[in-house]
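K.L.:
Here it is: the structure, laid out below.
The values are calculated or read from the model by the stated rules, or taken from the named source; none is laboratory data. A quick note: this is a predicted structure, and the numbers were derived from the prediction, not measured. Cβ sites come from the backbone with ideal geometry, for glycine too, and all protein chains shown count toward neighbours. Heads up: the accessible areas ignore ligands, DNA and RNA and are worked out on the full protein's heavy atoms, side chains in. Shrake-Rupley method; radii C 1.70, N 1.55, O 1.52, S 1.80 Å.
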Amino acid sequence: MSTPPSLQVTAIPAFADNYLWLIHDQQHAAVVDPGDAAPIEDALRSRGLKLTAILLTHHHADHAGGVAELLSNWSVPVFGPAGEKIPGISRPLHEDDVVDLPSPALRLKVLDVPGHTAGHIAYVADAQNWLFCGDTLFAGGCGRLFEGTPGQMTQSLAKLAALPDDTLVYCAHEYTLSNLRFAVAAEPDNADLAARFAQVEQQRARGESTVPSTIGLEKRTNPFLRYREPSVLRTLRATGRVANDDPIASFAALREWKNGFR
Ligand code: ZN
Ligand code: FE
């Protein structure tokens, strides 16, 4: 019996602050959210990898913009949300669908996580405890509500928060420092958050990535998973943003506040 080759996740930086994720076994690679084809082609070439699959979380150009060019070089399946019209998708996915890739040998479960966009999906690798969540959950924050409602986003985030604490959160942007600056304003007395903020400031000063995060850390420090905590509600009430403790209204107020926060 030969053991399957171990899998690796590599961040491919693109644009100002995107991470395109390459999942590979030293020979074959799947790419999550290739907003740009050129850095993916470079990474494949320099590592001697063959592209075998494209996985998309939602339709925004910084996530799907490289698909056509990749397909001109590679004949591979394109997995993506059934609820969004994205040119190139050959394998539309619904909640609870399972993506079974032969190489790299990888099984991904699909979650519907509407809110940032109407059809946004996330991929969970149960065996590895990996989450690829696009622009739904960020390190220290969450995606803007372009197409969905606060109620939808709270349900989507609850699905992600229910994953094991040691799940690695591979989100699609390096937004952590500005997210945590807001988080500290929303929850000034959270010691775990203060410690994380200090650490992320240092990491960013050194030019290091702060992604992936973990579900456990997000639950302790991300205000968009903590909108029902008394500490967050206290700030929302003290700043006149909510009048009662209705959770959806609190989440909506928090998201609104963040939209204009500098
Ligand atoms: Zn997006
Ligand atoms: Fe994005």
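K.L.:
Working only within the stretch 21-52, note down all residues that are touching a strand residue (DSSP E or B) at 6+ places or on another chain (Cβ under 8 Å), open to solvent by less than 20 Å² (accessible area, probe 1.4 Å) and either free of Cβ contacts under 8 Å to residues at least 24 places away in the same chain or in a loop (DSSP other than H, G, I, E, B) (or both).
P.N.:
D25, D33, P34, G35, L44, L49
This table checks each residue for (1) touching a helix residue (DSSP H, G or I) at 6+ places or on another chain (Cβ under 7 Å); (2) in a loop (DSSP other than H, G, I, E, B); (3) within 18 Å of W130 (Cα to Cα); (4) more than 15 Å from ligand 2 (Cβ to nearest atom).
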{"site": "I12", "(1), (2), (3), (4)": "yes, no, yes, no"}
{"site": "I54", "(1), (2), (3), (4)": "yes, no, yes, yes"}
{"site": "D62", "(1), (2), (3), (4)": "no, no, no, no"}
{"site": "F79", "(1), (2), (3), (4)": "no, no, yes, yes"}
{"site": "I86", "(1), (2), (3), (4)": "yes, yes, no, no"}
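K.L.:
Among helices (runs of 4 or more DSSP H) lying entirely in the stretch 129-244, which contain 2 or more residues that are of a type in the set (G, A, S)?
P.N.:
Details: elements: 150-161, 176-186, 191-205, 215-221, 230-238.
Where helices (runs of 4 or more DSSP H) fall fully within the stretch 129-244 and carry at least 2 residues being of a type in the set (G, A, S), they are 150-161, 176-186, 191-205, 230-238.
K.L.:
Of the conditions (1) more than 16 Å from ligand 1 (Cβ to nearest atom); (2) farther than 16 Å from L55 by Cβ, F138 fails just one. Which one is it?
P.N.:
It fails just one condition, (1).
K.L.:
When you go through T154, T167 one by one, which is the residue that is among the hydroxyl-bearing types (S, T, Y), in contact with a Ser or Thr (Cβ under 8 Å, 6 or more places away or on another chain) and at pLDDT 95 or above? Give the derivation first.
P.N.:
Working: T154 fails: in contact with a Ser or Thr (Cβ under 8 Å, 6 or more places away or on another chain).
When all the criteria are applied, what remains is T167.
K.L.:
Starting from the stretch 192-217, keep only residues that are buried (at least 19 other Cβ atoms within 10 Å of the Cβ), then list their pairs with residues that are in a loop (DSSP other than H, G, I, E, B) and at pLDDT below 95 whose Cβ atoms are within a distance under 8 Å, requiring at least 6 positions of separation or different chains.
P.N.:
none
K.L.:
Looking at (1) within 30 Å of Q155 (Cβ to Cβ); (2) open to solvent by less than 20 Å² (accessible area, probe 1.4 Å); (3) more than 16 Å from ligand 1 (Cβ to nearest atom), which is the one condition that is false for H94?
P.N.:
Result: H94 passes all but (2).
K.L.:
Could you count how many residues in the stretch 54-88 are open to solvent by less than 50 Å² (accessible area, probe 1.4 Å), of a type in the set (A, V, I, L, M) and away from ligand 1 (no atom under 16 Å from the Cβ)?
P.N.:
Qualifying residue count, the stretch 54-88: 5.
K.L.:
Within the stretch 156-168, restricting attention to residues that are touching a residue at least 12 places away in the same chain (Cβ under 8 Å) and more than 16 Å from ligand 1 (Cβ to nearest atom), which residue is surrounded by the fewest Cβ atoms within 10 Å (Cβ to Cβ)? Write out each step before concluding.
P.N.:
Our first condition is that a residue be touching a residue at least 12 places away in the same chain (Cβ under 8 Å); within the stretch 156-168, this holds for 156-157, 159-161, 163-168.
Within this subset, residues satisfying the condition of being more than 16 Å from ligand 1 (Cβ to nearest atom) are 159, 161, 163-168.
On the way: K159: 17, A161: 19, L163: 23, P164: 12, D165: 13, D166: 10, T167: 24, L168: 17.
Taking the candidates together, the pick is D166.
K.L.:
For A118, work out the one condition from (1) open to solvent by 40 Å² or more (accessible area, probe 1.4 Å); (2) in contact with a Pro (Cβ under 7 Å, 6 or more places away or on another chain); (3) among the hydrophobic types (A, V, I, L, M, F, W, C) it doesn't fulfil.
P.N.:
Here A118 meets the rest and fails (2).
K.L.:
May I pose another question? Could you figure out which of (1) open to solvent by 10 Å² or more (accessible area, probe 1.4 Å); (2) within 16 Å of ligand 2 (Cβ to nearest atom); (3) farther than 24 Å from F197 by Cβ isn't true of R144?
P.N.:
If we test R144 against (1) open to solvent by 10 Å² or more (accessible area, probe 1.4 Å); (2) within 16 Å of ligand 2 (Cβ to nearest atom); (3) farther than 24 Å from F197 by Cβ, just (3) comes out false.
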